[in-house]
1. How about the stretch B:464-489: which of its residues lose at least 10 Å² of accessible area in the presence of all protein chains relative to their chain isolated, using a 1.4 Å probe?
2. Where Lys and Arg each count +1 and Asp and Glu each count -1, what net charge lies around residue A:12 among other residues with Cβ under 10 Å from its Cβ?
3. If every alpha-carbon in the stretch A:15-58 counts as one equal scatterer, what log10 I(q)/I(0) does Debye give at q = 0.21, 0.22, 0.26 1/Å?
4. How big is the gap, in Å, between the Cα center of the stretch B:162-215 and the Cα center of the stretch B:131-146?
5. In whole Å, what is the distance between the alpha-carbon centres of the stretch B:17-75 and the stretch A:146-174?
6. Return one whole number: the accessible area per residue of the stretch B:402-522 in Å², for a 1.4 Å probe.
7. For the stretch A:47-80, which residues drop by 50 square angstrom or more in accessible area between the chain on its own and all protein chains together (1.4 Å probe)?
8. Work out which helices of chain B, taken as complete DSSP H runs, extend at least 24 Å along their axis over the Cα atoms and score a mean Kyte-Doolittle of 1.0 or more, then list them.
Amino acid sequence: MSNEVIIQNAVKRYGDFTALSDVSLKIAKGEFFTLLGPSGCGKTTLLRMIAGFNSIEGGDFFFGDKRINDVPAHKRDIGMVFQNYAIFPHMTVEENVAYGLKARKTPRAEIDKRVKEALELVQILPLAKRKPSELSGGQQQRVALARAFVIEPSVLLMDEPLSNLDAKLRVQMRSIIKKLQRRLGITTIYVTHDQEEALAISDRIAVMKEGHVMQIGTPRDIYAKPANPFVAGFIGVSNFLPCQVEKVKDGRAMVNVSGMEGQKVKIDVNRDYAGKATLSARPEQLFFAKEGMPGVVTFTTFLGDFIEYEVQLESGQSITINEYTKDTTEVHEAGEKVHIHFDPTRVSLFDENGEVLSR
Amino acid sequence: MSRPFRGKVKMDFWFFTKILVIAALCLFIVYPFYTILTKSIFSSKVDGVTLYNFQRFFSKPYYYRSLLRSLVVCSSTMVLAAVLGVFIAYVMTRYNVPGKNILHVLIIMSLMSPPFIGAYSWIVLLGRNGLLARLMSSIGLTAPTIYGRNGIIFVFTLHLFPYVYLYTSGAMNSIDSSLEEAAENLGMSKLRRIWTITIPVVLPSILAGCIMVFMTSLADFGTPMLLGEGYTVLPVLVYNEYMSESAVDPYMASSLSVIIVACSLVMLGFQKLVVDKKNYTMSTLRPPQETKLHGVKRFLTALPIYIVLFLALLPQVVVICQSFVERSFSGVVQGINLNNYRTILSRLGSNIFNTYYFSLVAIVFIVIFGILVSYILVRKKGKVANVIDTLIMFPYVIPGSVLGIGLIVAFNKPPIVLVGTAAIMIISYIVRKLPYTVRSGSAFLYQMDPSVEEASINLGVSPMKTFFTVTARMMMPGVMSGAVLSWITCINELSSSIMLYSGKTSTIAVAIYQEVTRMSDGTAGALATILTLTTVISLLIVFRVTKGKVKIV
């Protein structure tokens with residue numbers, strides 16, 4: 001049966017190196033939860049602690065109300081999809097998928113029925129008698145998937161399952177996984193370093209960096225309201241503009257953006273603050289205007305549905321601006337002098353320590 | 001709260017396996033060698049702890065000359081084998097040599113054939129009364145002698161060049177062709193390309209092959225014993241010191257053993273320090289292409305390979321022919337028949353039985369230990385695994401005669417008396433031949449992703465059961481191909497058997513040696529044919545099972 005997963009103050013050390021420090025997560029029953037971060041952030045380490053392949057140095061792990069810290073890996077009732085699929089090379093597709101059911105002493109007739117259903121769900125029933133060496137990467141991926149969910153585990157773990165597929169197949173498998181997970185309602189923990197994949201597939205995401213959780217939220221939250229500059233820069237592209245918060249009045253900050261002196265910008269904030277700050281704006285949140293930060297277009301890239309501009313501001317900083325082709329007919333060429341502006345209700349504001357200020 | 005994991009020793013299956021393996025290694029490797037070491041610093045002529053034996057060794061020409069001779073023979077063999085091996089490897093990997101795959105198999109076969117049979121066969125051809133020698137003298141020519149230093153080097157080179165070939169061709173096949181193309185593109189001529197790019201990149205592999213040649217020729221006993229005729233090298237001296245009926249001197253033999261092992265360890269240290277560090281890892285996207293030659297050019301390029309292989313395999317053919325020739329005691333040919341086989345079956349049947357019986361028992365243990373030890377070395381890394389690794393590979397570098405002496409001095413008195421039993425023969429086989437299986441098994445396991453095992457555990461099968469149903473099952477090809485090599489070297493084993501055998505536990509290899517010294521060519525030939533056939537059939541099985549991808553080195 002599917003279950004909720006609670007992790008309290010998880011710690012992992014390798015010698016003096018702390019791979020994971022004090023991570024706490026609560027993943028709801030049936031939720032699709034993603035651990036996202038650059039390599040070395042501890043996401044795979046955490047996943048393998050849940051699976052039971054890494055020892056737990058501190059903290060408590062629960063499936064529902066059952067503490068699993070001391071439950072050996074083979075008794076945790078987890079389905080796992082490995083990065084390289086880990087298909088048993090000496091067994092057929094069928095035997096691979098039936099393996100976990102046999103371990104559970106499921107009656108023969110039921111094994112046959114469930115294996116067939118699982119293979120049907122991932123659309124490889126005709127390949128049931130094949131050996132893994134006769135399968136393509138995408139087909140092996142489906143076997144790995146079927147083998148993991150056929151046992152109806154309490155939790156499904158996926159360790160970068162799509163990283164070995166080519167770009168097109170990756171997008172295709174992504175939606176198959178997502179739809180399957182919805183349909184079966186299995187609590188799923190998914191590890192990836194690909195932010196686009198994470199945004200597309202997850203109910204919620206935990207962004208990790210150097211063993212710490214930086215932010216937990218829905219894909220839209222994380223994209224629109226990053227909790228710190230790291231998340232803003234890791235999820236999508238962000239331009240960081242230095243600025244000065246002069247004062248906060250009635251929950252609104254008067255912000256002085258360098259290059260836009262004399263044009264006070266008002267941004268809704270969550271607390272009182274005065275001093276240096278950073279304004280974070282996505283390329284699509286910036287636009288060309290009559291007034292704003294003056295700069296020169298240095299490079300124009302036509303990408304079909306939008307045009308990407310590289311603009312050098314007077315401070316010397318280079319920023320990226322995207323303009324959708326459906327919104328404009330005008331193309332700015334390199335060398336052209338422009339002014340850049342933004343919508344103050346959409347950008348993010350961080351204080352000197354990287355704590356979020358904007359609401 | 002959760003307990004900390006570190007420092008907690010898990011009392012699981014692997015814990016007990018490690019203890020068992022370490023205990024066995026201590027008993028059959030550490031203890032015998034320790035006994036040799038302690039014996040080497042005593043003497044029957046001086047009281048108490050003394051370096052008398054070593055002083056005598058380095059002051060008496062009779063002793064130190066054998067060391068110099070060993071070094072001369074081994075270095076000459078190494079250089080010649082390197083020249084032959086590198087040349088053949090280059091031609092075989094880069095040109096469309098006719099019959100390439102068969103040649104490769106034949107080269108491996110010539111390496112796996114029992115070394116002393118080569119020596120014996122060359123005596124039949126070029127020795128006193130040799131076939132070729134007589135043929136040449138009948139037309140007024142003097143045949144070169146096969147006895148002495150040059151004969152030993154000649155036989156060693158033909159037998160051992162495959163080591164250099166196998167290491168070098170392996171490396172040459174893994175050079176990405178873009179490397180040489182880049183040199184060509186930068187304007188290098190063909191020969192200078194080989195000299196500045198190809199050779200330096202494969203140099204570590206060439207050196208590794210050379211070291212194998214050096215250590216094997218240093219340890220070999222049969223060839224110099226048969227061909228030496230007064231040109232005494234170290235292993236022969238050890239045997240003489242220990243076995244000579246006039247004065248058995250275990251102390252001097254022990255000291256000599258220590259000196260041989262020291263030489264081997266120096267070579268091994270050189271390998272660890274220089275060769276292993278200089279190894280280049282390459283990602284081969286495009287393996288090198290072979291150049292297509294045509295007509296006479298193609299034949300001439302391959303001709304040297306054919307000549308070398310003809311010489312290397314000639315002994316096997318000669319031996320098989322000899323086995324059908326019946327001779328009188330004075331050497332006069334009586335007829336072509338199977339009488340030699342009848343003779344050995346009636347007189348030496350127990351030797352044949354012993355050879356297969358000992359080797360089979362040894363192989364069962366080697367396979368079981370091979371699987372377990374390979375797994376510990378690859379998946380249970382740590383201090384214990386490192387100790388096991390070093391100890392397991394130690395017999396790889398010590399000559400069989402030294403191990404034989406070690407086992408004798410260790411187990412010829414209570415509490416454990418094994419001398420003269422079948423057990424001591426089997427133990428020496430297991431200890432000496434286990435490295436082949438462990439190397440092959442662990443190399444195979446290294447390429448196996450651990451996530452396959454984790455997938456099984458994750459699906460609810462306990463680690464123990466996973467090991468037996470998934471891991472061991474998947475390791476089988478690697479373990480079995482190593483085990484066949486262990487098996488082949490077991491049946492052909494001479495240098496430790498000749499130290500350890502008793503009347504009841506003699507083997508084919510020992511009998512061949514004795515028949516040759518009695519000038520009984522026919523029966524020796526029949527015995528050698530049995531070994532050769534077993535070797536060839538075993539190798540063919542390996543080639544079939546591994547689809548030609550057997551790793552000898």
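1. Buried on complex formation: B:469, B:470, B:473, B:474.
2. +1
3. Summing over Cα pairs of the stretch A:15-58 leads to -0.81, -0.88, -1.17.
4. Between the Cα centres of the stretch B:162-215 and the stretch B:131-146 lies a distance of 40 Å.
5. Using only Cα atoms to place each centre, the spacing works out to 61 Å.
6. Accessible surface, normalised per residue, equals 32 Å².
7. Flagged in the stretch A:47-80: A:53, A:74.
8. Span-like helices in chain B: B:61-94, B:199-219, B:250-270, B:295-323, B:349-379, B:472-491, B:521-546.
The values are calculated or read from the model by the stated rules, or taken from the named source; none is laboratory data. Note that the structure is predicted; figures quoted are calculated from it, not measured. Glycine also receives a Cβ, built like all others from the backbone with ideal geometry; neighbour counts cover every protein chain displayed. What goes into the accessible areas is simple: the full protein's heavy atoms, side chains included, and nothing from ligands, DNA or RNA. Shrake-Rupley method; radii C 1.70, N 1.55, O 1.52, S 1.80 Å.
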